[in-house]
1. How far apart, in nm, are two points set 7 Å out from the Cα along the Cα-to-Cβ line at B:Gln204 and at A:Leu229?
2. Would you pull out the residues with amide H under 5 Å of B:Leu34's amide H, same chain only if 5 or more places away, H placed 1.01 Å from N?
3. Points 7 angstrom from Cα along the Cβ direction at A:Ile336 and A:Leu240: gap in nanometres?
4. Starting from the amide H of B:Val235, placed 1.01 Å from N in the peptide plane, find each other amide H under 5 Å away whose residue is 5 or more places distant or on another chain.
5. Once phi is turned into ³J(HN,Hα) by the Karplus curve 6.51 cos²θ - 1.76 cosθ + 1.60 with θ = phi - 60°, what whole-Hz value does each residue of the stretch B:53-59 show in order, with x for glycine and proline?
6. Send over the Kirkwood Rh of chain A, from the inverse of the averaged 1/r over different Cα pairs, rounded to one decimal Å.
7. If amide H atoms are built 1.01 Å from N in the plane of the peptide, which residues on other chains or at least 5 residues away come under 5 Å of the amide H of A:Asp87?
8. What list of ³J(HN,Hα) values in whole Hz, one per residue of the stretch A:397-404 in order, does the Karplus curve 6.51 cos²θ - 1.76 cosθ + 1.60 (θ = phi - 60°) give from phi, with Gly and Pro shown as x?
Amino acid sequence: MPWYLYMALKQLFPTRRGFSFFAVMSILGVSLGVAVLIGVQSVMNGFGREIRESLLKINGDIRIESDRVIYDWERLADFVEERDDVDLVSPYAHGVVMLQRGNLPLFPSVMGIDLTRERQLLPVDEFIRQGSLDDLDDDSVLLGSVMAQRIGATVGTSVELYTPLMLDRLKRDEVLLPREVTVAGIFESGRHDVDSSTLITSLRLMQDLYGMEDGIHGLALRLEPGASLGEATLAINEALSSPLRAVTWLETNREYAYVLEFEKTMMTIILFFIILVASFSITSALMTSVVRKTREIGLIVAMGARPFHVAMSYCVQGLIIGVSGTVIGIALQALILHYRNEIVWTFARLTDGRDAMLRFYQFNDIPVYYSMSDFVLVSGMTIIICLLAGILPAMRTLRMKPSDALRSE
Amino acid sequence: MNTSRTVSAHDLPLLEVADLHKTFHDSGRSIHVLNGVNLSVPDGRNISICGQSGSGKSTFLNLISGLESHEQGSIRWNGLEIMGLNERRLARERGRFFGFIFQAYYLVPEINVVENVLLAARLLGRLRQSSRDRAVALLEQVGLKDRMRYPVQKLSGGERQRVAVARALMNEPKVILADEPTGNLDENTASEVMDLIVGICRKQGSSLILVTHNPLFARMMDQEYLLHEGVLNVVRGGDYDRMIPDEFKPGM
Ligand SMILES: Nc1ncnc2c1ncn2[C@@H]1O[C@H](COP(=O)(O)OP(=O)(O)OP(=O)(O)O)[C@@H](O)[C@H]1O
Ligand SMILES: [Mg+2]
């Protein structure tokens, strides 16, 4: 073992006591930083994946959209469905209506779907909380759970739907009466924005409400497993002519995905400051050690050590702290995440927050996803920061003249 | 005694200093510390250097060992001119050629007694299986074998200096540079440690260059020098010794 490594180890872990106070505190500081950082990242990854999955469930892989109503869509649907990478195709029509129950008006968006096809495409049944999809006919609707609660609707409640078509007719001095429909079921996707303002109807009902005859607004596609989203979208787009176009679920929810990514980046930057602060205290402690050991360093150089190696012994201390802090931090974080649900529930019980928690987060498990690239980034950055923390004191030793060092009081 | 000195004086000197000059420049002021110092130390001979405080004794030792650079003159270790050696070579040669003992002990507090002694070998990358045996043997010679696993902070000043002596001798140096090695010790401990240093250096075959204020200790050496106004003069021993009758010698 080169002597500078030996000295670095001995300064951190002296022969007699085993651990120096400095080593314990610095390694603890770094590992806490790493643990928090990786913990938060893993949980955010978990949430992110959960949300992506739910987005995918709601949207399907690809949509074919247009500015106008698409008539004669069966040909388009057949054409797309014949592609090797497309598994299923389902037409939809969407828009906004006014929904009224008693004198309480709401303006939900409406999704008109082809039930038989849609059921194959997306796990719609999974979302149903009350009633059944089978009861959905051309005179009934499915309500989002939040919206249903707001207007006090349950299965069998009847509501009135007003559509833009009515205004259109009014201009021609015709009066179209609101459509009375019953609630066939209540669904819950887990996404508040969807559950508070979405109405699902049959495609036929939506076509009636909007006076679209046989037209649709678009096609939802599911790809074969393993097919490339990007390639499929590109190929379909090439085959389509304007105003028809294919967009991926990622594009449809671009803001959402962006916000998720942005939040994670911000979180990472903020939490890196913990490690940075820990590294500052490492630097100052090492600097103090250099000053305290000035004469020892002078003697070591006199005894034949190269000043470069003296400097190395301080860099190595930073490195050792960085590496062990990272390893311990990751281990600590793995332990915490393993017991995360117990920890959170204990905390919730202590603060009587269990009900609130259940209300805001519709899951019992905190999702976690370990991303290798996060680990590599955090470990790499931490070790580099700690190494840099050792470099400043090391530079200080390089500036020392051994003769002055030996002379210093 | 005289005959043996005459014989060894014909050998290649272990350490040779010729016309050494050293000037410090401090905030525009020049301090001429050494003005043409000459010294030749034959193998196995011990010398002492006395001089007033601030006369440049420590500076001279730093120059001899290449820790400080000189602007004029030559320094040879076993015939090797050190002027112009690169940093790496200089460090290696110094580590092999010299052992250091200072007034303060400069033991490393994080490691125990025997590890402090072994550090000298470690620094030169010379740690072998046999090193430990040598370290233990040296500690035995300085009377600390039973405390080799002691933390150094628990030792007294005299004991610490003994450890420092063992450490200085670890790499079998040709020359021990001792700068007031007993300066921090009481009178009794000082002479004990001094006897020990002289005895162990003789046994290990290392020459001793001792800087001291104590005329008793100075007299224990083969030759005595006085550093005065930047020049090193022989006080006792050597050619000077034979030229001048005892009653004219200073300090005697
Ligand atoms: N790096 C330096 N810069 C400027 N002046 C210095 C430096 N080192 C030593 N000196 C000066 O050189 C002179 C000799 O110092 P040195 O330490 O060699 O004296 P000394 O003989 O060892 O004294 P003492 O017996 O008190 O230890 C002193 O005047 C000191 O101030
Ligand atoms: Mg001095």
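1. 7.3
2. Amide H neighbours of B:Leu34, under 5 Å, 5+ apart: B:Lys22.
3. Distance between label points: 4.5 nm.
4. Here B:Glu224, B:Tyr225, B:Leu226 satisfy the definition.
5. For the stretch B:53-59, the Karplus curve yields 4, x, 7, x, 5, 5, 4 Hz.
6. Values: mean 1/r = 0.0379 Å⁻¹.
One over the average 1/r among Cα pairs gives 26.4 Å for chain A.
7. For A:Asp87, the qualifying residues are A:Arg222, A:Leu223, A:Glu224.
8. 5, 5, 7, 7, 8, x, 5, 5
The values are calculated or read from the model by the stated rules, or taken from the named source; none is laboratory data. Bear in mind that the values here come from a model prediction, so they are computed numbers and not experimental data. Here the Cβ is made from the backbone with ideal geometry for all residues, glycine too, and neighbour counts use every protein chain on show. These area figures cover heavy atoms from the full protein model, side chains too; ligands, DNA and RNA do not enter into them. Shrake-Rupley method; radii C 1.70, N 1.55, O 1.52, S 1.80 Å.
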